[in-house]
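S.K.: Dumping the structure here so I can ask a few things about it.
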């Protein structure tokens with residue numbers, strides 16, 4: 001097993017790490033850097049619980065090797081907002097009671113961020129498509145779609161609750 | 001949660017914990033002849049088998065038929081023969097893979113009908129029928145003679161996987177004097193504690209169990225797996241004096257945890273020309289897999305509800321819970337009721353069709369109403385909101401128009417609209433003594449801590465409990481702190497299942513809060529110089545209703561109480577009234593109240609491809625009293641999505657006892673593209689059991705949507721699917737069958 005040096009940025013912080021060949025981006029984020037918002041739901045790219053933003057695009061971190069994230073800018077849920085400064089998505093999800101067990105929270109919110117970066121006024125169908133890579137077993141998705149619609153409105157500058 | 005800060009079990013594993021990996025059976029039914037375990041490398045700190053269990057080697061639910069670790073025999077692919085503990089998970093996995101087990105294969109029973117044959121091999125010593133129940137009401141032979149039409153059909157359902165997004169996980173930390181602390185993803189910390197104490201052969205006081213934030217459960221984490229993980233990690237932790245962690249992969253999770261029981265249900269129903277039901281003869285056969293798990297209790301619920309929410313004077317039901325060599329079937333939201341209602345509601349639709357009556361009109365002639373007698377002979381003397389639910393969904397879905405005009409769709413795509421009703425007995429009913437305890441303690445700052453052993457895994461029910469506490473104490477919700485479910489600090493409130501948290505836990509909380517409130521009122525009355533009945537506490541301030549200018553801040557009131565020696569900590573136990581249920585005839589009052597509901601489903605079917613696109617679900621539920629409407633909607637929508645998966649796309653397939661698709665890539669859980677818009681209505685008919693009249697709403701939302709969808713498909717393309725899931729292949733096959 002050889003070790004490789006990887007430099008990457010996570011939530012705006014630069015890291016320099018030695019990783020194993022077989023280490024996944026998921027393992028790097030969770031075990032090495034302590035970003036436990038990134039969850040392992042299946043390890044086979046089917047559930048989206050591990051999804052993070054890599055260079056602005058949503059990626060299943062269980063299907064990406066750590067070495068592939070060399071020089072990448074990675075965002076996890078911990079970087080979306082803080083308790084004092086919540087992201088519109090976070091506010092909307094709270095307001096709409098859009099999460100139940102919360103295990104899919106990271107994957108869904110980051111998928112939504114990916115969408116809203118590219119499309120400021122998505123239709124409900126476009127929202128559904130954007131989050132279809134994350135399985136939520138608890139909610140039936142309704143309130144998530146509502147929340148993302150509201151967040152989009154707030155981000156467009158329209159007043160919301 | 002939205003900040004990503006919630007820690008689940010696998011997020012909290014101690015740095016120095018050993019990582020465990022289980023050795024699973026590689027054959028569904030066999031005698032274990034030998035196990036060749038290679039020499040342990042330095043990284044492998046322990047390998048535990050059945051002989052190493054210090055106490056009793058059992059991890060089971062109702063019938064003690066299941067060993068924690070298999071010893072002489074394996075009965076299904078979910079049997080675990082041993083567990084390795086190593087410095088890292090790769091070392092543990094490699095070690096497990098290098099173990100060779102010699103088996104002597106036994107015949108494999110793949111379905112209950114094979115198991116029930118006289119010459120079938122015995123999976124368990126006492127035979128292959130784990131439980132048999134019967135229900136007898138009236139005289140079905142007479143009832144059938146009174147009928148103008150008798151319809152017989154057989155329906156079948158599949159293994160459904162709970163598929164919580166968080167795979168099972170837990171760890172144990174050894175403590176002083178043989179004690180151990182366990183943190184895990186689970187539903188019932190007190191059940192886990194009892195199980196672990198038995199496995200270790202120690203007093204329960206030596207075992208502390210903490211429920212970690214749990215990422216979905218739906219029943220799977222109520223049964224064996226939570227006890228297995230806690231038991232195995234505890235054994236390793238105490239043996240090695242190191243923390244020990246076990247996290248299941250998705251594949252392990254799907255093979256090892258309990259699934260929804262497949263049922264084969266025969267209905268024979270008699271009805272008059274006018275549309276009144278006269279008799280029902282029903283046979284329910286459940287495949288419980290190799291171990292009974294909660295099968296015996298699931299059978300009770302299915303038996304009681306098998307007719308659907310209708311008045312039928314003569315009922316004969318026989319129900320069997322049968323062992324096979326499939327993996328384990330056990331608790332899953334609905335607990336036998338989704339299966340029972342799938343059959344009952346499809347049967348009702350078939351009858352309506354044959355009588356040429358509108359499905360709603362036909363049902364209205366037979367539904368349970370206030371004063372009706374159920375199949376168990378129970379008189380429903382309170383709170384039956386079923387008709388109102390039907391009225392709501394009928395109007396909101398535009399049923400009448402769609403039912404008649406969609407028949408004449410000339411496009412290739414055919415639209416259909418269907419309905420299904422449900423009733424669901426609340427809490428555990430005849431399954432045992434129903435009791436719940438809660439403690440509320442108010443501290444010097446006026447902050448109240450609620451301690452209750454009921455768990456949160458996404459239902460939002462615990463927030464409801466906090467609301468009830470806040471309301472009754474007269475404080476803001478933000479002043480209530482919910483202590484995490486910890487067997488050391490919280491009272492045993494019974495299990496977090498059967499949708500009983502608000503109904504039973506809520507009552508205990510209300511009682512505790514009321515007791516404390518009385519004490520606060522007493523002291524406030526002295527200080528404010530008025531009658532205790534006039535004291536009003538709102539938003540942390542106590543006033544006299546008659547002279548509202550005088551007020552005391554709650555924290556000052558609390559200080560006064562404490563200095564007067566008035567205790568502000570109260571533990572209260574609430575026990576539900578006993579139910580009566582005759583074992584021979586299943587007549588009596590099995591549940592103290594029922595939730596009711598109606599679901600209308602609209603679909604579009606492509607008859608060439610057999611593809612079904614759900615268009616909309618309109619639901620209405622009699623919830624008794626909505627404690628938290630937003631949270632309630634969440635349960636309704638989530639339950640509908642799971643039912644949709646059950647109806648159209650989910651099936652955990654066993655081939656000769658082997659699970660063929662233990663992955664989320666091959667087992668289809670509905671995504672955001674599969675679930676349509678859901679409109680939900682809440683009907684409130686306060687019931688006699690829950691606080692404020694609240695009824696169970698965790699499980700009811702999964703009971704009806706599947707049959708509503710199947711009935712909608714029948715309306716769209718004229719064929720009836722009688723086995724779930726209604727895949728494209730089945731629909732095309734049925735259409736081709738109809739043509740010929």
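S.K.: If you take the beta carbon distance between residue A:9 and residue A:120 as r and set R0 to 25 Å, what does 1/(1 + (r/R0)^6) give as a FRET efficiency, to the nearest 0.05? All intermediate terms of the calculation are to be shown ahead of the outcome.
M.R.: On the way: r = 25 Å, r/R0 = 1.01.
E(calc), rounded to 0.05, equals 0.50.
S.K.: At q = 0.13, 0.18, 0.20 Å⁻¹, work out log10 I(q)/I(0) for the range B:18-175 with the Debye formula, treating every Cα as an identical point scatterer and leaving solvent out; two decimals please.
M.R.: Those come out to -0.82, -1.28, -1.42, one per q.
S.K.: What FRET efficiency comes out for the pair residue B:735/residue B:26, r = Cβ-Cβ distance, R0 = 56 Å, nearest 0.05?
M.R.: Values: r = 41 Å, r/R0 = 0.73.
Efficiency for this residue pair is about 0.85.
S.K.: Mind sorting B:106, B:648 by how few other Cβ atoms lie within 10 Å of their own Cβ, fewest first?
M.R.: Ordered from fewest to most neighbouring Cβ atoms within 10 Å, B:106, B:648 come out as B:106, B:648.
S.K.: Computed FRET efficiency, Cβ-Cβ of residue B:146 and residue B:118, R0 30 Å: what is it to the nearest 0.05? Intermediate results must be reported in sequence, preceding the final value.
M.R.: Numbers: r = 36 Å, r/R0 = 1.21.
Once the sixth-power term is evaluated, E becomes 0.25.
S.K.: Quick one: check the C-alpha center-to-center distance for the range B:31-80 versus the range B:183-255, whole angstrom.
M.R.: 16
S.K.: Going by how many other beta carbons lie within 10 Å of each one, how would you line up B:324, B:288, fewest first?
M.R.: By the 10 Å Cβ count, ascending: B:324, B:288.
S.K.: Full extension from residue B:356 to residue B:71: what is 0.36 nm times the residue separation minus their Cα-Cα distance, to one decimal in nm? If you can, show how the numbers build up before the last one.
M.R.: Values: separation 285, 0.36 × 285 = 102.60 nm, distance 5.89 nm.
Going from the current span to full extension adds 96.7 nm.
S.K.: Give me the inter-chain shielding for B:164-174: mean count of other chain Cβ atoms within 10 Å, whole number please.
M.R.: Numbers: counts 5, 17, 9, 8, 0, 1, 0, 0, 0, 0, 0.
What the average comes to for B:164-174 is 4.
S.K.: Return a whole-number percent for the relative contact order of the range A:88-155, with Cα pairs under 8 Å and 6 or more residues apart as the contact set.
M.R.: About 55 percent, as a whole number.
S.K.: Using the alpha-carbon atoms, what tilt in degrees (0 to 90, nearest 10) does helix A:105-118 show relative to the longest principal axis of chain A?
M.R.: 80
S.K.: Restricting the count to DSSP beta bridges whose residues both fall in the protein assembly as shown, what percent are antiparallel, rounded to a multiple of 5? Provide the component values of the computation, followed by the final result.
M.R.: Working: 116 of 148 bridges.
Of all bridge pairs located within the protein assembly as shown, approximately 80 percent are antiparallel.
S.K.: Given only helices, namely DSSP H runs of n ≥ 4 each adding -39500 (n - 2.57), what is the per-residue ellipticity at 222 nm of chain B, to the nearest 500 deg cm²/dmol? Before the final figure, lay out each step's value.
M.R.: Values: 17 runs with 202 residues, N = 740.
Dividing the helical sum by the residues of chain B leaves -8500 deg cm²/dmol.
S.K.: Between the range B:552-621 and the range B:91-154, how many Å separate their Cα centres?
M.R.: 32
S.K.: Put a dot 7 Å past each Cα toward the Cβ at residue A:17 and residue B:205; how far apart are the dots in nm?
M.R.: Those two pseudo-labels are separated by 4.6 nm.
S.K.: Give me the extension gain from residue B:518 to residue B:88: residue separation times 0.36 nm, minus the current Cα-Cα distance, reported in nm with one decimal.
M.R.: Working: separation 430, 0.36 × 430 = 154.80 nm, distance 5.59 nm.
Result: 149.2 nm gained on full extension.
S.K.: Additional query: Count, for each residue of B:629-635, the Cβ atoms from other chains sitting within 10 Å of its Cβ, then give me the mean as a whole number. Working shown, then result.
M.R.: Numbers: counts 1, 5, 2, 1, 6, 10, 4.
Other-chain Cβ atoms within 10 Å of each residue's Cβ, averaged: 4.
S.K.: Using the count of nearby Cβ atoms within 10 Å as a rough guide to exposure, how do B:65, B:223, B:531 rank from fewest to most?
M.R.: Numbers: B:65 20, B:223 29, B:531 12.
Ordered by Cβ neighbours within 10 Å, fewest first: B:531, B:65, B:223.
S.K.: Moving on. Let me check against my output: what whole-number percent is the relative contact order of the range A:3-79, with C-alpha pairs under 8 Å and at least 6 apart? Don't jump to the answer; show the numbers that get you there.
M.R.: Values: 158 pairs, mean separation 30.0, N = 77.
Once divided by the residue count of the range A:3-79, the mean separation gives 39 percent.
S.K.: Can I ask one more? Using 0.36 nm times the number of residues separating residue B:413 and residue B:546, minus their current alpha carbon distance, what extension gain do you get?
M.R.: On the way: separation 133, 0.36 × 133 = 47.88 nm, distance 6.87 nm.
Length difference between fully extended and current span is 41.0 nm.
S.K.: Let me check against my output: what whole-number percent is the relative contact order of the range B:322-415, with C-alpha pairs under 8 Å and at least 6 apart? Could the numbers behind the result be given before it?
M.R.: Values: 40 pairs, mean separation 11.4, N = 94.
Relative contact order, the range B:322-415: 12 percent.
S.K.: As a test, work out the antiparallel percent of DSSP beta bridges whose residues both lie in chain B, rounded to the nearest 5.
M.R.: Details: 101 of 131 bridges.
About 75 percent, rounded to the nearest 5.
S.K.: Measuring from a point 7 Å past the Cα of residue A:158 along Cα-to-C-beta, which residues in the range A:73-88 have an amide N at less than 20 Å?
M.R.: Label zone hits: A:87-88.
S.K.: Using only Cα atoms, find the angle between the long axis of helix A:142-155 and the longest principal axis of chain A, and express it within 0 to 90 degrees, rounded to the nearest 10.
M.R.: Compared with the principal axis, the helix lies near 90 degrees.
S.K.: I'd like the distance separating the alpha-carbon centroids of the range B:473-487 and the range B:511-528, in whole Å.
M.R.: The distance from the Cα centre of the range B:473-487 to that of the range B:511-528 comes to 18 Å.
We did not get these values from a lab; they are worked out from the coordinates using the rules stated. What you see is a predicted model, and the numbers here were worked out from it, not measured in a lab. So basically every Cβ, Gly included, is an ideal-geometry build from the backbone, and we count neighbours across all protein chains shown.
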